[in-house]
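Have a look at the structure below, then the notes.
No lab work stands behind these numbers, since they all come straight from the coordinates. From a predicted model like this one, the values you see are computed outputs, not experimental measurements. Note: ideal-geometry Cβ built from the backbone for every residue, glycine included; neighbour counts use all protein chains shown.
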Amino acid sequence: MTRMPVVEQNGMGDAAMARARRTEDIVVGDEIVRERLSARVVHWSVALTFFICLFTGLPIWTPYLGFLAGLFGGLHVCRVLHPWAGVAFAVASTLMFVQWASQMLLTPADREFITPRGMLKYFQYRNEDADVGKYNGGQKMLFWAAGLGALGLLLSGIVIWLPQENFGQWLRQASYILHDTAFSLFFAMIIGHIYLGTAAEPGTFRSIVRGTVTKSWARLHHPAWYREVTGEQPRS
Amino acid sequence: MNLDALEVRQSSASAWGSKTELRNLKVVSKLIDTSTCIGCKACEVACQEWNDLHIVPTTQTGTYQTMPSLDANYWNLIQFREREIGPDFAWLLRKDGCMHCGDPGCLKACPAPGAIVQYQNGIVDVNPDNCIGCKMCETGCPFDIPRYSEQTGKMSKCTLCVDRGQVGLEPACVKSCPTGCLEFGDKTDLAARANERVEQLKQNGFPQAALYDPPGVGGTTVITVLAHGDHPEWYGLPKDPHVPDGVRFWKNIVRPLGALAIAGAFFSMVGHYLSFGPKKPKEGAETPKGDGQR
């Protein structure tokens, strides 16, 4: 990292840098602040509660993953933790939803992005022409799907959790089916999310850890956002 | 009748499923002849005493029935039903409790390894040490039998007095029955006796009498003689019970497809990385000084 010399060049000390990071979509030295601290904290609250739900739920989901129960002290502990972790996940997801919903509305460019053709171009790294804003169409769809999935998991989870006399047989059965389906799709989606945010796109993971990205990363992945934030043309 | 060793035929959430049949052991049965039940509830008391169950407050529902339905601390309940059948009035009594299905829905739904087991002798038992109290068995059961206990945080139901059977005793309810309407023994023998009773009933004005041993759940260990065998629902028994469709769909279809989706996502991402690698700026693209990728 060659950040420090550039900060000095711009006459910004560490304190000024820290202040700048509390907001987002601004240039600090040769970096752009992409996610403010609160956004990152909310994202990681969702991730942490999701993983607790995942690892307490997987040994209940299938005995083949029963060994995971040992991480928490056994299947009994998982059964006690899982619903409460689910409540925490629902709360964190709600915060995330409120925080990002207004930024996740689909633009015409996003609609083009999420067509099968657009997605294929994206995965084949042939989408230089796509005018991607701060979040691409795929990220936006992930956001809405995560919200919907969390809602489905919460509602079906409540039916599974509370005393069974409160609900009819068909509703209980439907809840098990919904909880399983929502979980499977959610987890499959999160696998893609983690891959794209780390291995597939170097320079992305730091945006949700330190909050900043490099200008060249922004030019490559989010050219329209780069133009907005810097006032420069992403491709010259 | 001694139950010999309690070899397991099926266990919940276990990969080895039903592959433990080393030898053919006796399959037991409890016969309930509803036509000779007098509703004395001796079986209810005997069950409470033998199994050391807590006292449950009774509920007056306008009949002689002790409470509306089974409880975590009440595994054996005589149900009293009144019905006008043509010009006649019938008082239908039935002993409600676990049927010990051949294909137990509770066991199918249970996610905790070894929490619900079916012995070779046909008895479906709960192992409280392994039960995690998730209540999924309640949804799996077509007879609405398992009950979650707030006291223990676990499920409970009739064990067919498996502890008595091991030392050659019949279940407590059978022991206490004064009319002989309850019998315990080898299933083949008891089915024959039950069919004799059905014949007797048929000759005595109940041509529709039948033995309730529903094939939809693989037959039941607890078999019931019904005078109105064409209408088991009059006694509160489902006409054609089977493991609920939703539970079978969930376990047999949704779950493997879900696993496939997860594995599919994982391996497509691995495949994508191997084919395309990380996405980087094109070679020769302008990179300002100090603007390195991390």
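So for region B:144-291, considering every pair of alpha-carbon atoms, how many percent are separated by more than 20 Å?
Cα-Cα pairs of region B:144-291 separated by over 20 Å account for 72 percent.
Once you've got the Cα coordinates, tell me which of B:Lys135/B:Lys175; B:Lys41/B:Lys154; B:Lys108/B:Lys175; A:Lys140/B:Lys135; A:Lys121/B:Lys251; B:Lys26/B:Lys108 are over 29 Å apart.
Where the Cα-Cα span goes over 29 Å, the pairs concerned are B:Lys135/B:Lys175; B:Lys108/B:Lys175; A:Lys140/B:Lys135; A:Lys121/B:Lys251.
Give me the compactness ratio for region B:144-225, meaning the Cα radius of gyration over 2.2 N^0.38 Å. It would help to have the intermediate numbers written out before the result.
Values: Rg = 15.7 Å, N = 82, 2.2 N^0.38 = 11.7 Å.
With N residues counted in region B:144-225, Rg over 2.2 N^0.38 Å equals 1.34.
So what's Rg/Rh here for chain B, counting alpha carbon atoms and using the Kirkwood radius for Rh?
1.20
Which order, highest average first, do B:149-157, A:94-102 follow once you tally other Cβ atoms within 10 Å for each residue and take the mean per peptide?
Answer by packing, highest mean first, reads B:149-157, A:94-102.
When the convex hull of the Cα atoms of the protein assembly as shown is projected onto a plane and the area is averaged over all directions, what value comes out in nm²?
32.0
How much space per residue, in cubic angstrom, does the convex hull of the C-alpha atoms of region A:37-101 take up? Before the final figure, lay out each step's value.
Working: hull volume 4.9 nm³, N = 65.
It is 76 Å³ per residue.
Most exposed first by the Cβ proxy, i.e. fewest other Cβ within 10 Å, how do A:Tyr64, A:Tyr176 rank? Before the final figure, lay out the partial values.
Details: A:Tyr64 12, A:Tyr176 23.
Fewest to most other Cβ atoms nearby, the residues stand as A:Tyr64, A:Tyr176.
What helices does chain B hold that run 27 Å or longer along their axis, going by alpha-carbon atoms, with a Kyte-Doolittle average of -0.5 or more, using DSSP H for the helix calls?
Values: long enough: B:255-276 (31 Å, 1.10).
Qualifying helices: B:255-276.
Hey, can you list the DSSP H helices of chain A whose Cα span along the axis is 27 Å or longer and whose average Kyte-Doolittle score is at least 0.5?
Within chain A the helices that satisfy the rule are A:37-61, A:75-100, A:137-161, A:169-197.
Hey, what number do you get for the protein assembly as shown at 222 nm if only DSSP H runs of n ≥ 4 count, each worth -39500 (n - 2.57), divided across all residues, to the nearest 500?
-13000 deg cm²/dmol
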